[in-house]
Every structure is written in C-alpha cells, then in structure tokens.
Amino acid sequence: MRTAYTSDQIRAAEATLMATLPEGTLMERAATGLAVVCARMLGGVYGSRVVLLVGGGDNGGDTLYAGARLAARGAGVDAIVAGKRVHEAGLEALRRVGGRVTDLPGGSARTSATTPDGPAAGNLAGAPGDGVTGGDAVVGEAVRDLIGAADLIVDGMLGIGGTGALRGPYATLARLASDAPGEVVAVDLPSGVDASNGQVEGAAVRADATVTFGAWKTGLLVDPGAGHAGRTELVDIGLGPHLPEPDAVALTDADVAALLPRPGASSDKYRRGVVGIAAGSECYTGAAVLAVGGALRAGVGMVRYAGGAEPVAQVRAHWPEAVITTLAPGEGVEEVGRVQAWVLGPGLGTGDEARAIARSVLADDVPVLVDADALTLVARERSLLRRDAPVLITPHAGELSRLTGVPRELIEARSLENVRRAAAELEVTVLLKGSTTLVAQEGRPVRINPTGSPWLATGGTGDVLAGLAGALLAAGLSGYDAASCAAYLHGIAGRHGPLAASDVAEALPETVRSLVNGLRQSRSPAKLER
C-alpha cells in the first residue's frame with residue numbers, strides 16, 4: 001500500500017528525524033538519491049548538459065548538491081537562481097566542481113537562505129522578498145537558450161511549502177521547463193503543485209519524473225498534481241518511523257488481490273453473494289444490461305434483476321444467468337427475493353415509478369450502492385440516505401454537486417476536500433468518479449485510485465462499475481473496500497482502448513485472474529527462494 005502525507009505531516013516527521021542526526025544528513029541522503037535518478041535519466045552523464053532551476057531553501061539545496069555530483073562526473077551544469085535567497089553551501093559545492101551560476105535580475109547567489117537541513121525562508125510561491133515578481137522580462141534570452149539546449153532540467157524551485165499560484169520568474173521558468181525538449185525531473189514535487197492536495201493554480205512544472213523524499217505526498221497522487229509529476233520515485237531518507245497515520249493511501253495489485261473474495265470448497269451461489277440490481281428503464285435499457293454484466297463478470301454468485309418490461313427483455317436476451325423479476329408500474333422490489341446487497345440507479349429514470357423503486361430498495365436492510373439517476377432522486381429527498389445499513393454512493397462531480405450544493409467546478413478543483421466533506425455530511429461511503437477516482441469514508445484515509453484511464457470516459461462504463469462494486473458488496477466487502485477494489489479493477493480493465501463499456505465488463509474476469517495469480521506467485525516458495 002502506498003501511503004501519502006500532507007506537507008505539515010512531512011515537516012513534523014522531518015523535524016523529529018533531524019533532531020537525531022548530524023547537521024546536513026537529510027540533505028546528503030536526498031541529494032544522493034536525486035543524483036542517481038538524474039544520472040539514470042541522462043544515460044551517460046559525461047558531456048551532458050544539465051540546467052538546475054534553483055529556489056531558496058532545502059529544495060534548492062538538494063538540487064545544488066545533486067548538480068555538484070553530476071558536474072563531478074563530467075556533466076556541464078548551469079544553475080539558474082530564481083530568487084533572492086539561495087542555499088549557500090550547496091552553491092559553493094557546485095562551483096567547486098566547475099558548475100556555473102546565473103542570477104536572475106533581482107535575485108542573488110550570495111544571500112544564504114538556510115542551514116543545510118533548516119526550514120527554507122521564503123519557500124512559498126510568491127513569498128515576499130524571494131524575487132518572484134517581474135515576470136517574463138526578468139528571464140533573458142541567455143537563460144531561455146540554456147533551458148532549451150539542456151538534456152536534463154532539474155526543477156528545484158519550490159518544495160512542499162509552496163502554495164498558490166507561481167508568479168514572476170518562477171512562473172516563466174516553469175513554462176520554459178515544461179515546453180523544453182529535454183527531460184524534466186522535479187525535486188520532491190513539481191513547482192506549482194500543492195503537496196497536500198494536488199491543486200495547481202496557474203503555471204506549474206510538468207515533469208517527466210519526480211523524485212520525492214521520505215514519503216509520498218498526497219498531491220503527487222491526485223490530479224492535476226499527479227498529471228504534472230510524471231513517473232514518481234521515492235528516495236528513503238529514514239522518515240518512516242516518524243510518520244503519523246497517512247492522509248491518503250493508494251492500493252496496489254497485492255492489496256486488491258488480498259481483499260478480493262474467492263470461493264472455497266464449500267461455497268455455493270448464495271455464499272458467494274447475491275446482488276439485486278434495480279436499473280434501466282424504457283429509455284435506458286442498456287444501463288441495466290451493463291450493470292448486470294459488470295456484476296456477473298465480477299464473479300458474483302447470483303444476480304437478481306428487477307425492472308420494467310423493456311429492460312427486462314434486454315437483460316434476459318443478454319444475460320440468461322440473471323434471475324429476473326418484471327416490475328409493474330409503481331411496484332417496489334419487495335417480492336424480488338433475498339439479496340445481500342443492492343445496486344440502485346443506472347438508467348432508472350427520475351419519475352414517480354423510479355422513486356417508488358428507490359424507496360423500496362433503500363427500505364431494505366442490506367447495503368445499497370446508489371448511482372446515476374438514484375443520486376438525483378436522493379438529492380431531492382436526502383432522508384432516504386438515513387438508514388442503518390451501509391450506503392455507498394458513486395457520483396461524478398455534477399451528481400455530488402446536486403447532493404451537497406457545492407458547485408461542480410469547486411468539487412473538481414478541490415476533490416479531496418469535497419469528497420471528505422460529503423462522506424462526513426451524508427454519513428455514507430463516497431466513490432467520487434473523475435480523472436482521479438477517490439473513495440472516502442469518515443474516519444479513514446481517502447483512498448486514491450491509481451489505475452484510472454481516459455479510455456473509460458465513454459457512455460456506460462459507470463454502469464459496469466456500479467455492477468462490479470455491487471457484486472463485491474454482496475460478497476461481503478465493506479463499502480470502503482468494495483468501492484476501492486471496484487475502481488482499481490475497473491481502471492485496469494479499461495486501460496487499453498479504444499473500447500466500449502461492454503468491453504470493460506468483458507475484460508473483468510481476466511483482470512481478476514491476473515491479480516489473484518500474481519498474489520499466489522508472490523507467496524509461492526519458489527518465488528521466495530529466487
């Protein structure tokens with residue numbers, strides 16, 4: 001499991017660790033790890049051209065010391081000092097091995113910002129006195145030429161303390177680095193990305209790789225920050241024993257495989273889980289077909305489908321495995337038979353007949369997944385969510401907006417904050433769909449799904465996800481685990497496009513098999529011996 005932390009959590013852990021170590025130890029560890037990754041990205045260090053974008057404080061110090069290591073191996077290293085403060089010892093180390101230094105107008109390579117491991121003064125975007133005013137005019141043609149000709153650009157302008165929009169030369173340098181033909185590596189996180197939540201307010205460095213120190217930062221795992229980070233590598237500097245409970249987590253293949261239910265020798269279809277699906281309408285028959293398909297392809301013991309005559313005909317034609325109940329107009333699901341969880345909402349409609357079905361499903365005493373049209377219904381009547389049995393809701397930003405009253409744009413811009421707030425306010429588990437899918441439950445770290453794919457942005461894939469998650473609920477997983485595992489599997493199944501929603505459902509069995517087999521292999525004696 002990948003655990004992630006806010007900037008405040010990282011700072012506190014660093015302070016505790018630094019109190020036990022000789023001065024400069026953490027920076028030495030960070031710079032060494034950074035230099036190793038830079039050398040790997042360059043392929044051959046000798047004769048390569050490296051540009052360091054240097055801000056004040058520890059991030060700039062890490063960058064300068066790493067640059068000195070590269071220069072000592074024959075790289076041509078130019079440091080561009082962006083602000084009024086600079087890490088003096090790191091700067092001197094670079095100069096001793098032939099590194100060149102360029103001050104931007106208004107900046108200075110002679111004003112010390114920090115002790116080797118001390119907190120960085122002015123390590124904020126636009127901090128007073130840090131030389132971040134003046135804009136494009138400050139960055140002259142010589143600097144632009146250096147960046148444009150570099151084989152590798154190392155972004156060490158801002159660290160975990162950077163918040164808000166980049167200004168002045170910082171913003172200009174971020175744009176130049178992002179547009180340059182050479183590769184870009186970010187130090188700890190890309191400048192312009194908020195370490196705690198991944199927010200980007202204006203210009204930000206778009207890196208090919210990010211080398212982060214001590215622990216993952218939440219902002220590296222959540223879009224838009226994750227999209228700016230590129231591939232990420234973690235350098236261990238010894239923070240582990242000093243870290244608190246994580247702010248957020250991301251599951252791995254092994255985590256998901258260990259959570260997935262598997263049949264035993266005594267299993268039957270009822271022990272494997274029976275999921276009820278109330279979905280589809282005369283206008284949206286396909287939603288019912290896809291939701292049932294998602295559940296069946298996930299390996300549920302049985303699907304009991306309930307709907308009107310039109311979707312019933314389509315489900316019967318596509319999925320003979322489903323046990324079907326045709327509902328008369330206004331009829332509820334009381335006669336469908338016993339289930340261990342319900343999926344409610346895909347393509348259901350929002351009229352009186354749909355409302356009657358929703359009320360009857362939510363009156364049952366089993367977990368319910370509420371999706372799509374059912375979210376619109378409960379937004380009109382939020383008291384329907386007040387029940388003793390668990391509720392998992394699976395909205396996109398627009399649907400969550402209707403439920404909470406928070407504007408869609410704000411939910412998309414501050415997804416972590418708003419998914420947490422919704423879980424607490426509504427007292428449900430929330431799977432918020434988006435470019436980064438998030439799962440929130442009050443009192444637990446937000447789970448960040450790492451497997452999402454833009455190929456899933458096509459009609460009907462949400463219906464498949466609802467059926468998949470409902471199957472896992474019926475098999476006995478909690479809403480938190482069912483949502484997390486379903487999002488993970490759904491993302492893998494949708495990685496290779498172009499595809500239709502039915503392709504995602506069809507890919508689920510092989511996705512599950514590959515994860516489970518991978519876990520078995522990792523636990524086999526032969527694997528351990530190798």
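The values are calculated or read from the model by the stated rules, or taken from the named source; none is laboratory data. All of these numbers come straight from a predicted model, not from anything done at the bench. Note that each Cβ is placed from the backbone with ideal geometry, even for glycine, and that neighbours are counted across all protein chains shown. For accessibility, only protein heavy atoms count, side chains too; no ligands or nucleic acids. Shrake-Rupley method; radii C 1.70, N 1.55, O 1.52, S 1.80 Å.
Scanning segment 308-328 for residues being among the charged types (D, E, K, R) and part of a helix (DSSP H, G or I) gives a total of 2. The residues on offer are Ala471, Ala500, and the sole one that is at pLDDT 95 or above, surrounded by fewer than 17 Cβ atoms within 10 Å (Cβ to Cβ) and over 21 Å from the mean Cα position of the chain (by Cα) is Ala500.
If you check Gly459 against the conditions, is it surrounded by 22 or more Cβ atoms within 10 Å (Cβ to Cβ), touching a helix residue (DSSP H, G or I) at 6+ places or on another chain (Cβ under 8 Å) and not acidic (Asp, Glu)? When the stated conditions are applied, Gly459 does not pass them.
Taking the conditions exactly as written (open to solvent by less than 10 Å² (accessible area, probe 1.4 Å) and among the β-branched types (Val, Ile, Thr)), does Val54 satisfy them or not?
yes
Restricting attention to segment 242-271, the residues being touching a strand residue (DSSP E or B) at 6+ places or on another chain (Cβ under 8 Å) and among the basic types (Lys, Arg) number 1. I'm told Val205 meets every condition in (1) aliphatic (A, V, I, L, M); (2) open to solvent by 40 Å² or more (accessible area, probe 1.4 Å); (3) under 24 Å from Glu417 (Cβ atoms) except one. Can you identify the failing condition by its number? Condition (2) is where Val205 drops out. Condition first: modelled with pLDDT of 95 or more, buried (at least 18 other Cβ atoms within 10 Å of the Cβ) and among the charged types (D, E, K, R). Can you find one or more residues in segment 25-43 that meet it? Yes, the conditions are met somewhere in segment 25-43. The condition (being of a type in the set (D, E, K, R) and either over 24 Å from Val139 (Cβ atoms) or at pLDDT 95 or above (or both)) is satisfied by just one residue among Arg85, Arg49, Arg110: Arg49. With respect to the conditions (1) farther than 21 Å from Thr437 by Cα; (2) without any contact (Cβ under 8 Å) to a residue 40 or more places away in the chain; (3) open to solvent by less than 10 Å² (accessible area, probe 1.4 Å), Gly219 falls short on a single one, namely (1).
Is there a residue in segment 340-349 that is open to solvent by less than 40 Å² (accessible area, probe 1.4 Å), out of contact with any strand residue (DSSP E or B) (no Cβ under 9 Å at 6 or more places or on another chain), at pLDDT 95 or above and not in a loop (DSSP other than H, G, I, E, B)? No; the residues of segment 340-349 include none that is open to solvent by less than 40 Å² (accessible area, probe 1.4 Å), out of contact with any strand residue (DSSP E or B) (no Cβ under 9 Å at 6 or more places or on another chain), at pLDDT 95 or above and not in a loop (DSSP other than H, G, I, E, B). Against the test of being without any contact (Cβ under 8 Å) to a residue 12 or more places away in the chain and on the phi < 0 side of the Ramachandran plot, the options Arg49, Arg73, Arg40, Arg69 yield a single qualifying residue, Arg40.
Filter segment 1-20 for residues that are without any contact (Cβ under 8 Å) to a residue 40 or more places away in the chain and more than 28 Å from the chain's Cα centre (by Cα) and give the result.
Taking segment 1-20 first, the residues without any contact (Cβ under 8 Å) to a residue 40 or more places away in the chain are 15, 19-20.
Within segment 1-20, Ala19, Thr20 meet the criteria.
Would you tally the residues in segment 371-428 being open to solvent by 60 Å² or more (accessible area, probe 1.4 Å), under 20 Å from Tyr480 (Cα atoms), over 23 Å from the mean Cα position of the chain (by Cα) and basic (Lys, Arg)? Within segment 371-428, residues that are open to solvent by 60 Å² or more (accessible area, probe 1.4 Å), under 20 Å from Tyr480 (Cα atoms), over 23 Å from the mean Cα position of the chain (by Cα) and basic (Lys, Arg) number 1. Would a scan of segment 165-187 turn up a residue that is touching a residue at least 12 places away in the same chain (Cβ under 8 Å), touching a Gly at 6+ places or on another chain (Cβ under 7 Å), in a strand (DSSP E or B) and open to solvent by less than 10 Å² (accessible area, probe 1.4 Å)? Yes; the residues of segment 165-187 include at least one that is touching a residue at least 12 places away in the same chain (Cβ under 8 Å), touching a Gly at 6+ places or on another chain (Cβ under 7 Å), in a strand (DSSP E or B) and open to solvent by less than 10 Å² (accessible area, probe 1.4 Å). Just for segment 302-323: of the residues that are β-branched (Val, Ile, Thr) and buried (at least 20 other Cβ atoms within 10 Å of the Cβ), which one is farthest from Val516 (Cα to Cα)? My answer is Val312. Could you check, for segment 227-236, whether at least one of its residues is surrounded by fewer than 17 Cβ atoms within 10 Å (Cβ to Cβ), within 27 Å of Met27 (Cβ to Cβ) and either among the aromatic types (Phe, Trp, Tyr) or over 20 Å from the mean Cα position of the chain (by Cα) (or both)? Within segment 227-236 (the criterion being surrounded by fewer than 17 Cβ atoms within 10 Å (Cβ to Cβ), within 27 Å of Met27 (Cβ to Cβ) and either among the aromatic types (Phe, Trp, Tyr) or over 20 Å from the mean Cα position of the chain (by Cα) (or both)), the answer is yes, since at least one residue qualifies.
Just so you know, in segment 272-301 the residues that are within 25 Å of Gly518 (Cα to Cα) and open to solvent by 50 Å² or more (accessible area, probe 1.4 Å) include one that is nearest to the chain's Cα centre (by Cα), and it is Arg297.
Is it the case that segment 138-156 has a residue that's assigned to a loop (DSSP other than H, G, I, E, B), at pLDDT below 95 and within 29 Å of Ser48 (Cα to Cα)?
Within segment 138-156, the subset assigned to a loop (DSSP other than H, G, I, E, B) is 139-140, 150-151.
Filter again for at pLDDT below 95, leaving 139-140.
Going one step further and asking which of them are within 29 Å of Ser48 (Cα to Cα), we end up with 139-140.
Yes - at least one qualifying residue is present in segment 138-156.
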